[in-house]
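The values are calculated or read from the model by the stated rules, or taken from the named source; none is laboratory data. Values in this document were obtained by computation on a predicted structure and should not be read as measured data. In this analysis, Cβ positions are derived from the backbone assuming ideal geometry, glycine residues included, and neighbour counts consider all displayed protein chains.
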Amino acid sequence: MAGDGQVSLGQTVMKGNARKVRRIGKGGEVIAGFAGATADAFTLLDRLEKKLEQYPGQLMRAAVELAKDWRTDKYLRNLEAMMLVADKDITLAVTGNGDVLEPEHGAMAIGSGGNFALAAARALMDGEKSAEDIARRSLEIAADICVYTNGNIVLESLDAA
């Protein structure tokens, strides 16, 4: 999973080296990435970690429970962020609409440059590049196209199951 470092407020770059991809859960067995309001995303990451403590080793269950809370809780419902989460077995997108989605073609992306990065990743997947190389190159391409995406890339990976 890879993420850029840009935090924008309207047309202003507020920060260029944010860490939007990080390990969470006991022992860092889950990688989470976020897009949207930073404080909202940190609130959701904290909630997801609590769900992972409640359902250890069950990322899908934890994500579904978070999505249910996010959709129904009066406070959480107003949070404006999206998350991608992955462990060794599954990758998911979690949204405030109650969506918990698996990738259809082996890649997912969120955020302002997400569609650019996703298109690049899907094109690069036909070659011989590793998943890490594809993620990095896809974000580089998105950063060249989208003014809300920069080339300050953070990449986290897990060993295959």
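Pairs meeting the criteria (first residue in region 104-115 and in contact (Cβ under 8 Å) with a residue 40 or more places away in the chain, second residue of a type in the set (A, V, I, L, M) and surrounded by fewer than 17 Cβ atoms within 10 Å (Cβ to Cβ), beta carbons under 8 Å, at least 6 apart or on different chains) are GLY113/ILE145. For LYS88, the criteria (1) outside any helix (DSSP H, G or I); (2) at pLDDT 95 or above; (3) out of contact with any helix residue (DSSP H, G or I) (no Cβ under 8 Å at 6 or more places or on another chain) hold in every case but one, which is (2).
Each row is one residue, and each column tells you yes or no for (1) surrounded by fewer than 19 Cβ atoms within 10 Å (Cβ to Cβ); (2) among the polar types (S, T, N, Q); (3) closer than 24 Å to VAL13 by Cα.
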site	(1), (2), (3)
GLY127	yes, no, no
GLU132	yes, no, no
ALA135	no, no, yes
ALA142	no, no, yes
ILE145	yes, no, yes
GLY151	yes, no, yes
LEU158	yes, no, no
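Pairs linking a residue in region 65-79 that is on the phi < 0 side of the Ramachandran plot to a residue that is in a loop (DSSP other than H, G, I, E, B) and surrounded by 12 or more Cβ atoms within 10 Å (Cβ to Cβ), with Cβ atoms under 6 Å and 6 or more positions apart or on different chains, are ALA67/GLY98; TRP70/GLY96; ARG71/GLY98.
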